[in-house]
Amino acid sequence: MVISNILYGSFLENPFLKFLFIVFVFYILSRIVQLVILGNIRRLTKKTKTKLDDLVVDAIKKPLLRFLALIGVKIAVNVLPLSEKVLSVFHHIINSLLMFVVVLLMIKLMDILINVWGKNWAKKTESSLDDDILPLLHKTSHVVLMTVGAFFILGEWNVDVTGLLAGVGIAGLAIGFAVKDSLANIFGGISIILDKALKVNDVIKLDNGSTGTIADIGLRSTKIRTWNNELLIIPNGTLANSTIQNYKKPDLSVRTEVSFGVEYGSDIDKVKDLVEKTLKKVPKVMKTNKDKPIQVLFLNMGDSALEFKARFWVKNYGDKFSTKIRATEDIYKALTKSKIGIPFPTRTVFLKKE
């Protein structure tokens, strides 16, 4: 009993032993957290369908242990026989390390979120944009978090960061003006993907009349392969601000037209009935859809002909051109076979004798 009191008394009187004891207690506490609390949470996350919670638990394990260890050191250092100035320096160092551990944890969590989101996004798009933008997002998040952490650490050491913030703001504006076109292209590509207005293999028509198939949507530009097998490379910023006709939206069907004229004196009802029956025999023309009917319209009494327009729908936009060619040929043959004249343009000239 006397020996234990002596040992206990000497233990309490020795500040270095107190320091080691407090650090040891927090080490035991960190092991309990790791094995018991995080272990039970890990077993629960294994039962869920998503892997996000498993990745989060694995990511916070080591940073949490380091955080608890630093808290133990922060508390234990107060029992050491140090001057207030030295003790203050120790607290600043430990607080800085705590902030550094938190920043590293935030970077890990941000990487996990970006990777999980990126995989889900990559499944929905065939473009290479996700291959370009995910590394960019990783680097951007790292720089932002490390910059914020650096400002907090400088603030811990009583460094006035007002001037630094102003300098960073001015530098940011300068960089923004210097790369505004590149940023416009990057955000344009992101908006194209997020809006789901365009995707790889869509057939589009630009407001300048260019038509082709989207080969790839990249981080800065979109590649379009034209019908003549030419590759158009358009900046995403320009594409995002353009009027685009997408032949795949809302579905694959497309309407086409054939204009023709017959001579004056022709029976317009006979012409309309004949052309409609002819179009119904053309392959790939939609014939029974009430919302997309075949129409033969008498539009104008022109200078030298009665002007008609035949409208019909094709199931797939890829068959539009060939079907229009076939329909034009069949309409001409049907009119010729039925003895319905297709006049040449004529002009009547009156000569006046003096």
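The values are calculated or read from the model by the stated rules, or taken from the named source; none is laboratory data. Worth saying up front: this structure is predicted, and the values here are computed from it rather than measured. All Cβ positions, even for glycine, are placed from backbone atoms using ideal geometry, and neighbour counts span all protein chains on display.
Numbers for the structure displayed
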read-out: Which listed residue is in contact (Cβ under 8 Å) with a residue 24 or more places away in the chain, surrounded by 12 or more Cβ atoms within 10 Å (Cβ to Cβ) and within 19 Å of PHE16 (Cα to Cα), from ILE60, ILE71; value: ILE71
read-out: Candidate set: region 210-232, residues that are surrounded by 19 or more Cβ atoms within 10 Å (Cβ to Cβ) and among the β-branched types (Val, Ile, Thr); chosen: the one nearest to LYS249 (Cα to Cα); value: ILE214
read-out: Count of region 207-248 residues which are over 22 Å from ASP319 (Cβ atoms) and of a type in the set (A, V, I, L, M); value: 8
read-out: Region 261-287 - residue that is part of a helix (DSSP H, G or I) and touching an Asp or Glu at 6+ places or on another chain (Cβ under 8 Å) and, of those, surrounded by the most Cβ atoms within 10 Å (Cβ to Cβ); value: LEU279
read-out: Residue check for SER141: at pLDDT 85 or above, assigned by TED's automatic domain parsing to the domain that holds LEU65, among the polar types (S, T, N, Q) and out of contact with any His (no Cβ under 6 Å at 6 or more places or on another chain); value: yes
read-out: Residue, farthest from the chain's Cα centre (by Cα), within region 74-85, restricted to residues that are under 19 Å from LEU20 (Cβ atoms) and in a helix (DSSP H, G or I); value: VAL79
read-out: Yes/no for LYS223 being more than 13 Å from GLY189 (Cα to Cα), basic (Lys, Arg) and touching an Asp or Glu at 6+ places or on another chain (Cβ under 7 Å); value: no
read-out: Candidate set: region 33-49, residues that are assigned to a loop (DSSP other than H, G, I, E, B) and surrounded by 10 or more Cβ atoms within 10 Å (Cβ to Cβ); chosen: the one farthest from the chain's Cα centre (by Cα); value: LYS46
read-out: Search result, residues across region 76-106 that are surrounded by 15 or more Cβ atoms within 10 Å (Cβ to Cβ) and either among the β-branched types (Val, Ile, Thr) or outside the structural domain of LEU20 (by TED's automatic domain parsing) (or both); value: VAL77, VAL79, ILE93, ILE94, VAL101, VAL102, VAL103
read-out: Only one of LEU351, LEU297, LEU335, LEU279 that is without any contact (Cβ under 8 Å) to a residue 60 or more places away in the chain and over 49 Å from the mean Cα position of the chain (by Cα); value: LEU351
read-out: Filtered residues of region 288-317 (kept if surrounded by fewer than 15 Cβ atoms within 10 Å (Cβ to Cβ) and farther than 25 Å from PHE344 by Cβ); value: THR288, ASN289, LYS290, ASP291, PRO293, ASN316
read-out: Residue in region 156-170 that is part of a helix (DSSP H, G or I), modelled with pLDDT of 80 or more, closer than 30 Å to VAL89 by Cα and in the same structural domain as VAL116 (by TED's automatic domain parsing) present; value: yes
read-out: Members of region 289-328 that are charged (D, E, K, R) and part of a loop (DSSP other than H, G, I, E, B); value: LYS290, ASP291, LYS292, ASP303, LYS315
